[in-house]
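Here is the structure we will look at, set down as structure tokens.
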Amino acid sequence: MEIFSFNPATLFSFLLTLMRISLVVFLLPFYGGETLPATVKACICLVLTLALWPQLSFPGELMPAHPWGIAVVLLKELVLGLLLGLSVAFIFAGIQTGGEIMGFQMGFTMVTLADPQSGAQVSITSHLLYMVALLIFLALDGHLALLRGLAGSFALIPPGGLTVGGPLAGSVLELSAGMFSVAVQIAGPIIAALFMVELALALMGRAAPQMNLLTLGFPLKIAVGFFFIGMIFSIIALRMEDTIIQTGPLLDNLMRRGQ
């Protein structure tokens, strides 16, 4: 029933669109986290909803009538947001893991910082590589690729239409396995280089036992580590470029497996 030319289906359509955008945006990297205040996040969600609603929206008839049905829709939208966020967060987690390994090899385990995204304590090398990867991702419009993936979810998955099954779980496991592959690619060159430094120091210790190898080895490993960190920046840039190119098909594949 319309009251004062007000159609309830229009309001329900707007609320469903706001629900999808808010739950997904709050869990996507760079839009969520602890760096942005809650009021700023709410404003971003409202602006995006007003921008997308005329073109991308759900019919108001899809809004469940029972409160339990609304709770189920909210839960499935939350799972969808987690999946879309993890699909990209695994790449950055791999880079941070590689940075942690590098910091351990270079002797920087006691030098830690608070990660502004998660609030956890991370090594200085891990935070450095994360910030470099983040800047490269933003410079190459990776955040826009995430928003395009969010817009594509309107055509693939209706509100509460996500199905969590074997194919979707297998895709998530494949993405999590790729995190360790990225970590090995990032930290592999430094691990090999510092192993050669340790081997050289061991041979020097055998040849000249009177030398103070601890005083010599610590700055030498730091210098070699920073030299290879500078070379790794190009690897991170290429990895970020591949990630942005694959973001669209990756998110599309995840949502199709969740239909």
Subject >> Hz values of 3J(HN,Hα) by residue in segment 139-149 - Karplus curve (6.51, -1.76, 1.60), Gly and Pro given as x >> reply: 5, 8, 6, x, 5, 6, 5, 5, 5, 5, x
Original post:
So who's got an amide H within less than 5 Å of the one on THR112, skipping anything under 5 residues away but keeping other chains? H placed 1.01 Å off N, in plane.
Top reply: none
**OP:** Please work out whether segment 8-257 counts as rounded, prolate or oblate from its C-alpha gyration tensor, where a ≥ b ≥ c are the square roots of the eigenvalues and a/c under 1.5 means rounded, while otherwise a/b larger than b/c means prolate and anything else oblate?
**Re:** prolate
Original post:
Which FRET efficiency value, to the nearest 0.05, is calculated for LEU74 and VAL40 with the Förster distance at 25 angstrom and r the Cβ-Cβ distance?
Top reply: 0.70
Original post:
ASN253 to GLU198: FRET efficiency via 1/(1 + (r/R0)^6), r the Cβ-Cβ distance, R0 45 Å, to the nearest 0.05?
Top reply: 0.60
**OP:** Determine the relative contact order of segment 8-257: mean sequence separation of Cα pairs under 8 Å and six or more apart, normalised by residue count, in whole percent.
**Re:** 25 percent
Original post:
Which whole-number value in Å³ per residue fits the convex hull of the alpha carbons of segment 190-258?
Top reply: 104 Å³
**OP:** Give the relative contact order (percent, whole number) for segment 152-259; include only Cα pairs under 8 Å separated by 6+ residues.
**Re:** 62 percent
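We did not get these values from a lab; they are worked out from the coordinates using the rules stated. This structure is a prediction, so every number in the text was calculated from the model and none was measured. Note that we place each Cβ from the backbone using ideal geometry, even for glycine, and neighbour counts take in every protein chain shown.
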